[in-house]
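Below: the structure, in structure tokens.
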Amino acid sequence: MSESALWDELQRAAEVVRSKLGARHPSVGVILGSGLGAFADTLTDAVAIPYGELPGFPSSSVVGHSGRLVAGKVGDTQVLAMQGRVHYYEGHALDRVVFPVRTMVALGARTLVITNAAGGVNPSYRPGDLVLIRDHLNMLGESPLRGPNDDRLGPRFPDMTEAYPATLRAFARERARGLGLELAEGVYCALSGPCYETPAEVRMLATLGADLAGMSTVPEVIAAAHMGARVLGISCVTNQAAGLGVGKLSHAEVTETAERIRGTFTRLIADLLAGIGGVP
Ligand code: HPA
């Protein structure tokens, strides 16, 4: 796609959303990962737009991801929420995978909370732990920024040094403590999936400095950084990565853990969204 085609497509999607926003001016965006989609239903004064109505948006095939952009309030903060995301393993090109997050940033969401389910590569993690993402490894072998660059969106060679600013992580740790939660911090590694890693791959990831393994988030963070938005990333450790626990991995285990931790995770997300826009 040429650089101006992406820009034009983004303006069209943003315009459709804007036409439904009324007086809402979102400043914070959130991507609701596995098990968290229902949080979008708790936004007040909300308006929901199915992805299918938004030009350029990919359609999600994963069961349980309803695929809507929801605008509404958490406390006094105007929020845009992605209820469902698409993944690289579904077959979408990375520029499609990141199109919804680009739309949120284009609409004014300069701070993003990006959540996911991940396998725990760090042996100290237990299923149900919530971990702040300090940094990432991109092992997708690809970037959503590959191809022509539109300087109106961001620079050709974006800096990634502070893609996950320490200020946002400190804020999240403090808010979590208020809820009685201690959040660890770790490095998230994105893999293409859809099979889970082999035990040998998990040992490799640990050697490379990964604490978490997952199949999302990194393309979205790269696109957000490209557009100058800042990200707070939070993983729900749904399982110990392959070879670290007993027995085999299953999607059922992943969804069960996500479901078990949903109440806690949801309370934390609500608390974070309400205050994060004001973090310097
Ligand atoms: N590996 C990769 N992605 C995942 C995992 C895992 O173990 N668990 C949840 N998403």
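The values are calculated or read from the model by the stated rules, or taken from the named source; none is laboratory data. Keep in mind that what you see is a predicted model, and the values were worked out from it rather than measured. When we count neighbours, we look across all protein chains shown, and the Cβ atoms used for this are built from the backbone with ideal geometry, even at glycine. These accessible areas exclude ligands, DNA and RNA; they are computed on the full protein's heavy atoms, side chains included. Shrake-Rupley method; radii C 1.70, N 1.55, O 1.52, S 1.80 Å.
So in region 211-233, with the set limited to residues that are within 20 Å of Y88 (Cα to Cα) and part of a loop (DSSP other than H, G, I, E, B), which one is farthest from the ligand (Cβ to nearest atom)? Result: T217.
More than 23 Å from V28 (Cα to Cα), more than 9 Å from the ligand (Cβ to nearest atom), among the hydrophobic types (A, V, I, L, M, F, W, C) and in contact (Cβ under 8 Å) with a residue 24 or more places away in the chain, is that true of L208? It is true that L208 is more than 23 Å from V28 (Cα to Cα), more than 9 Å from the ligand (Cβ to nearest atom), among the hydrophobic types (A, V, I, L, M, F, W, C) and in contact (Cβ under 8 Å) with a residue 24 or more places away in the chain. Just to be sure, is M215 open to solvent by 20 Å² or more (accessible area, probe 1.4 Å) and either at pLDDT below 95 or touching a His at 6+ places or on another chain (Cβ under 6 Å) (or both)? Criteria met by M215.
Of all residues in region 176-211, exactly one satisfies the criterion of being of a type in the set (K, R) and buried (at least 16 other Cβ atoms within 10 Å of the Cβ), namely R203. Scanning region 87-141 for residues that are assigned to a strand (DSSP E or B), open to solvent by less than 40 Å² (accessible area, probe 1.4 Å) and within 16 Å of the ligand (Cβ to nearest atom) turns up I114, T115, N116, A117, A118, G119, G120, L130, V131, I133, H136.
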